[in-house]
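The values are calculated or read from the model by the stated rules, or taken from the named source; none is laboratory data. Predicted model only: the values in this text are computed from it and were never measured. Because the Cβ atoms are built from the backbone with ideal geometry, glycine has one as well, and the counts that use them run over all protein chains shown.
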Amino acid sequence: MAHKNFWDLLHEKQLSLTKSGIIIAEYLIQHPEEAQFLSISSLARNCNMAEATIYRFCKQLGFEGYNEMKIALAQANAAPISASVSYDLDFSTDTAALCENINLSFQSAIASTLSLLSPEAVDQAALLLQRARNVYCMGQGGSLILAHDIWARLSTISNKFHTCGDNHLQVLTASLTSSEDVILFVSYSGATRDMMDTLSIARNTGAKIILITHYADAPGTALADVVLLCGALEAPLDGGSIPIKVAELFVAEALILRYSLDNRELVNISRIKTSAAVATKLL
């Protein structure tokens, strides 16, 4: 759609809104900063509406879907020049203050993750990894890089851990899984169409699913056997922020260490083998 300030667009469309649309619009007006972080499920719950009603509201404003509307909202909320919602910076910020802002942001990401992450869920996920015949680490965009990092750690313990690239390969891999396999998917939003395609196929094959996400009510959680929640907030315009990756890696590290501690004999044997293999590579 044509680029137009979200608030101007809302004002332009206000007379044509339905009763439900007016309620949604009022919520957005009253909670503009908070709303840009919400999943469609969260906004629907806060407005006491069905997700389909939120979607129709977005279409009525001229957006293709919820994510496009959320991006427009974030753009309207943003200052003319903004580095990230995670940092309080301007052009006069010196490097020492910059580093302190980053330090606080990282600490906040870890602290919020610690408050959200369920130790019981980590235990359940580790048990699924232990029992699995194969484990496939997946993600999309920046989350795919994190999935590769997780695989790289786990692959030093056992060759039953795998990774795969783009969504096409992920869908193909999911179609060949069985009830003995696990898919470990990293998705901050837990609400991408490609992810839902992959997880739906995996669910139909009987594969177990572990989802690392921020939103407890994201659509992907309905398909997951275990949900591991990470903290830190990310606005639509700040995709790929490092604090988010820190939060997700915190969750991954907890899972990897729990699995390692529960399989100490295997870890020790694997460490001896892998250490011998890479010894000749060191100068």
Query raised in the report: How about segment 150-177: which of its residues are buried (at least 21 other Cβ atoms within 10 Å of the Cβ), out of contact with any helix residue (DSSP H, G or I) (no Cβ under 6 Å at 6 or more places or on another chain) and more than 19 Å from Glu248 (Cβ to Cβ)?
Result: Thr173
Query raised in the report: Are there any pairs with C-beta distances below 8 angstrom linking a residue in segment 4-33 that is more than 13 Å from Phe63 (Cβ to Cβ) and assigned by TED's automatic domain parsing to the domain that holds Ala44 to a residue that is of a type in the set (Val, Ile, Thr) and assigned to a helix (DSSP H, G or I), with the two at least 6 apart or on different chains, and if so which?
Result: Gln14/Ile22; Ser20/Thr53
Query raised in the report: In the set Ala132, Ala125, which member is at pLDDT 90 or above, within 22 Å of the chain's Cα centre (by Cα) and not polar (S, T, N, Q)?
Result: Ala125
Query - Residue satisfying all of: in segment 45-100; under 21 Å from Ile244 (Cβ atoms) and of a type in the set (Asp, Glu); modelled with the lowest pLDDT among these - result: Asp88
Report summary line: Looking across segment 104-144 at residues that are touching a residue at least 60 places away in the same chain (Cβ under 8 Å) and more than 20 Å from Leu229 (Cβ to Cβ), the single one that is surrounded by the most Cβ atoms within 10 Å (Cβ to Cβ) is Ala132
**Report entry** segment 197-216, residues that are under 18 Å from Ala44 (Cβ atoms) and either surrounded by fewer than 17 Cβ atoms within 10 Å (Cβ to Cβ) or of a type in the set (Phe, Trp, Tyr) (or both)
**Finding:** Tyr215, Ala216
Query raised in the report: Before we move on, is His148 in contact with a Phe, Trp or Tyr (Cβ under 6 Å, 6 or more places away or on another chain), modelled with pLDDT of 95 or more and in the same structural domain as Thr221 (by TED's automatic domain parsing)?
Result: no
**Report entry** Residue list for segment 56-78, filter: within 16 Å of Ile24 (Cα to Cα) and not in a helix (DSSP H, G or I)
**Finding:** Leu61, Gly62, Phe63, Gly65
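Scan segment 1-51 for residues that are not in a helix (DSSP H, G or I) and not β-branched (Val, Ile, Thr) and report the count. If you could, list the steps in order and put the result at the bottom.
Restricting attention to segment 1-51, the residues satisfying the condition of being not in a helix (DSSP H, G or I) are 1-5, 17-18, 31, 36-39, 47-50.
Within this subset, residues satisfying the condition of being not β-branched (Val, Ile, Thr) are 1-5, 17, 31, 36-39, 47-50.
Of the residues in that region, 15 qualify.
The rows are residues; the columns are (1) closer than 15 Å to Ile256 by Cβ; (2) in a strand (DSSP E or B); (3) in contact with an Asp or Glu (Cβ under 7 Å, 6 or more places away or on another chain).
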site	(1), (2), (3)
Ala121	yes, no, no
Leu127	yes, no, no
Ile145	no, no, no
Trp151	yes, no, no
Gly165	no, no, no
Ile183	no, yes, no
Query raised in the report: Of everything in segment 224-283 that's at pLDDT 85 or above and among the basic types (Lys, Arg), which residue is nearest to the chain's Cα centre (by Cα)?
Result: Lys245
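Can you spot a residue in segment 161-178 that is in contact (Cβ under 8 Å) with a residue 60 or more places away in the chain and at negative phi?
no
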